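The values are calculated or read from the model by the stated rules, or taken from the named source; none is laboratory data. The structure displayed is predicted, hence computed values, not measured ones. In this analysis, Cβ positions are derived from the backbone assuming ideal geometry, glycine residues included, and neighbour counts consider all displayed protein chains. Note: areas computed on protein heavy atoms with side chains; ligands, DNA, RNA excluded. Shrake-Rupley method; radii C 1.70, N 1.55, O 1.52, S 1.80 Å.
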Amino acid sequence: MKLLFLFGPNLNLLGSREPAWYGTRNFEWICETIQREGKKRGVDVTIFQSNHEGAIIDRLHSAREEVDGIVFNPGAFTHYSLAIRDALQAVNIKTIEIHMSNIYQREEFRHRSVIAPVCFGQISGLGWFGYLLAMDAFLLEKDNR
């Protein structure tokens, strides 16, 4: 199985950015952990982070022939990027939307995701290990087809 872990804006600042919401693990540590756990599970992991909407859309387009699934933390794009939503719908790759913080415990504007309706599922509020849970969800889904 090949999975793309896609990280949106400001997630490169994890570890120092609002640790009360996102924890103290830095982005590099999270990526290394995802890679290590992917190897243990026999999953080929690709990681991509960008602060730019167009770069994320371009990466989604290129993923069409490369991956079996996407684990996507769209960051603030969750709430307003119809362009990313349309790209996800167009590439038609199973996607799980991830949020390290519980977006439903935060500001009202964070309670709505324009991305979720085109995703296989959503994990919110479980911190960095939500990424591993998403990986396991893809593996379980594959085994139960």
* Could you please state, rounded to a whole Å, how far the C-alpha centre of the range 112-127 is from the C-alpha centre of the range 50-78? => 14 Å
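Quick one: with all protein chains in place, what share of the accessible area of the chain is carbon or sulfur, to the nearest percent (1.4 Å probe)?
C and S fraction of accessible area: 49 percent.
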* Asked: Can you give the direction-averaged projected area of the convex hull of the alpha-carbon atoms in the range 50-145, in nm²?
  -> 6.1 nm²
* In a GNM of the chain with a 10 Å cut-off on Cα contacts, which of Glu66, Glu53, Glu108 has the highest mean-square fluctuation? -> Glu108
* Rounded to the nearest whole Å², what accessible area per residue is found for the chain with the 1.4 Å probe? -> 50 Å²
* To do: Would you rank Asp143, Asp44, Asp136 by solvent-accessible area, highest first, keeping every protein chain in place and using a 1.4 Å probe?
  => Asp143, Asp44, Asp136
* Asn102 to Glu141: extension gain in nm, 0.36 nm per residue of separation minus the Cα-Cα distance? -> 11.7 nm
* Structure fact -> Simple SL model, points at 7 angstrom along Cα→Cβ for Lys2 and His79; separation in nm is 3.5 nm
* Asked: Where is the GNM fluctuation largest for the chain (alpha-carbon springs, 10 angstrom cutoff): Ile47, Ile96, Ile56?
  -> Ile47
